[in-house]
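Q: Sharing a structure here in structure tokens format.
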Amino acid sequence: MNSRMKGLLRILSFFLLLAAATACKDEVWPDPVEFSRNFQEDMKAFLMGISSEAKTYDPAFCIVPNNAERLVTETGRHQDFPDLEYLEAIDGLGRDYLFYGYFGVDVLTPYYINGDILGYLEKIVIYEKPTLITDYCITPGKIDDSYSRNENNGFISYAAPTLELDRPAEYPSPPYRVNTVDTDSLHKVKNFLHIKQPGATGTRQEYLNAVSATDYDLLITDPFHNGIPFTIQEVESMKVKHSGQKRLVLAGMNIGRADISAYYWDTAWVTDPPAWLLDEDPDHPGHYRVRYWEPAWQEMIFRSENAYLRRILEAGFDGVFLYGAGAFQYFEDMESAGNSWE
């Protein structure tokens, strides 16, 4: 057989193999999406939807996901390319326990815990997205060390005295890097106060007085005091520092767990849960994990007139601090262990 004939046979064999592969591709190479979710992409889509809705209402509204640094790259690995579409949708990033608190108040977080996290946060700094770090320490020397470590890395930080985030820190006073100008954007923020349980400070007025007595550039607070939402007038009062300058106020909103104390909670869900509601989180009593990709859950968060986000917008907050944005990691771990969430 001459070389020309051999060449023709090779070409013919190639096209026969291609035709066979095309005819049975649905049986041999099924779409992997049919078998598992991409939990990171689901969370990105959720966060970008929240951002789009909020910024349609108020273009200056700030979107700050917490503990979700892995989402900043296209693959979820810190050494890979940043996801520019996602970065465009958010205004900053929050992170707990970076240098202190992972194993308890005043305990230095070891590098094997925070080393990988720092790799992601570096990309946030490069793309000029403010990074808000909440460390947990109460000893003055360790508080000073926390602020120093964070500043050296280009982060804005707060050293909280309790893991519950239930009261303002007493040290340092005035706040670290106190700022004597109006703060009307995240890029002007040099320090912040993080309060997750306003009701623990005392009465409603006592909380408002405690906040007003501080000179932090930014306040992150629950939008409810013992279940009752802050009014527009109360939010406006929180936007003024003790020195008289303006500050930003972000409302905390959990998008990765349902809270039995939240306004939307239906007691019937305990015995007859909706499809998106899962088991109670043993590490956070009173909070239930959710299938955050489900439309019904997202409708309660931002896709309806009575949604959580709409209430925050109408109360006059400057943005949202999104707890639970890192929920995708739990589902990834559970799926690796053989669980299905469909």
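Q: With all distinct Cα pairs included, what does the Kirkwood hydrodynamic radius of region 91-142 come out to in Å, to one decimal, could you say?
A: 11.6 Å
Q: What is the fewest-to-most order of Thr214, Thr267 by other Cβ atoms lying within 10 Å of their Cβ?
A: With the sparsest Cβ surroundings first, the list reads Thr267, Thr214.
Q: Rg(Cα) of the chain divided by 2.2 N^0.38 Å?
A: Computed over Cα atoms of the chain, the ratio equals 1.19.
Q: Next question, about the same structure. Hey, what's the Cα Rg ratio for region 69-227 versus the globular rule of thumb, 2.2 N^0.38 Å?
A: 1.06
Q: At q = 0.16, 0.17, 0.19 Å⁻¹, what log₁₀ I(q)/I(0) does a Debye calculation on the Cα points of region 219-262 give, no solvent, two decimals?
A: The calculated log intensity ratios at q = 0.16, 0.17, 0.19 Å⁻¹ are -0.49, -0.54, -0.65.
Q: If the viscosity is 1.306 mPa s and the temperature 10 °C, what Stokes-Einstein diffusion coefficient in µm²/s follows for region 208-342 when Rh is the Kirkwood radius over Cα pairs?
A: This corresponds to a translational diffusion coefficient of 96 µm²/s.
Q: Report the gain in length on full extension from Gln245 to Ile260: 0.36 nm times residue separation, minus Cα-Cα distance, nm rounded to one decimal.
A: So the extension gain works out to 1.7 nm.
Q: Quick one: helix 3-23 against the long Cα principal axis of the chain, what's the angle to the nearest 10°, folded into 0 to 90?
A: Helix 3-23 sits roughly 50 degrees off the main axis of the chain.
Q: In whole Hz, with x marking every Gly and Pro, tabulate ³J(HN,Hα) for region 253-259 from phi via Karplus 6.51 cos²θ - 1.76 cosθ + 1.60, θ = phi - 60°.
A: After applying 6.51 cos²θ - 1.76 cosθ + 1.60, I find 9, 8, 10, x, 9, 9, 10 Hz.
Q: Please compute the length gained on full extension between Ile232 and Met48, using 0.36 nm multiplied by the number of residues separating them and subtracting their Cα-Cα distance. Write down the numbers at each step before the final one.
A: Values: separation 184, 0.36 × 184 = 66.24 nm, distance 2.59 nm.
Between Ile232 and Met48, full extension yields 63.7 nm more.
Q: Taking only C-alpha pairs under 8 Å that are 6+ residues apart, what is the relative contact order of the chain in percent? Intermediate results must be reported in sequence, preceding the final value.
A: Working: 557 pairs, mean separation 54.6, N = 342.
It comes to 16 percent, rounded to a whole number.
Q: Can you tell me which of 199-206, 153-160 comes out highest on packing, and rank the rest after it, using the mean Cβ neighbours within 10 Å?
A: Taking the mean over residues of other Cβ atoms within 10 Å, the ranking is 153-160, 199-206.
Q: With both partners inside the chain, how many of the DSSP beta bridges are antiparallel, as a percent to the nearest 5?
A: Given both bridge residues lie in the chain, the antiparallel proportion sits at roughly 30 percent.
Q: Return Lys142, Lys188 ranked ascending by Cβ neighbour count within 10 Å, so the fewest neighbours appear first.
A: Lys188, Lys142
Q: For a test of the definition: using alpha carbon positions, the gyration tensor, and the 1.5 limit on a/c, classify region 263-342 as rounded, prolate or oblate. Before the final figure, lay out the partial values.
A: On the way: a/c = 1.97, a/b = 1.54, b/c = 1.28.
Prolate, because a/c is 1.5 or more and a/b exceeds b/c.
Q: Under 22 Å between alpha carbons, and skipping anything fewer than 8 positions from Lys55 in its own chain: which lysines qualify?
A: Cα-Cα hits under 22 Å: Lys44, Lys129, Lys188, Lys239, Lys246.
Q: Could you work out the helix-only [θ] at 222 nm for the chain, with each DSSP H run of four or more residues adding -39,500 (n - 2.57) and the total divided by the number of residues, to the nearest 500 deg cm²/dmol?
A: -10500 deg cm²/dmol
Q: Please tell me the relative contact order of region 207-316 in percent, rounded to the nearest whole number, where contacts are Cα pairs under 8 Å and at least six residues apart.
A: Working: 131 pairs, mean separation 25.7, N = 110.
Contact order relative to length: 23 percent.
Q: List the residues whose amide H sits under 5 Å from the amide H of Leu219, counting only those 5 or more places along or on another chain, with H placed 1.01 Å from N in the peptide plane.
A: Close amide H contacts, sequence-distant or interchain: Leu193, Leu248, Val249, Leu250.
Q: Roughly what would the spin-label model give for Asn339 and Tyr171, points 7 Å off Cα along C-beta, in nm?
A: Going from the Asn339 label point to the Tyr171 one covers 4.1 nm.
Since every read-out is calculated from the coordinates, none of them should be taken as a lab result. Quick caveat: nothing in here was measured; it's all calculated off a predicted structure. Please note: Cβ atoms are built from the backbone with ideal geometry, for glycine as well, and neighbour counts cover all protein chains shown.
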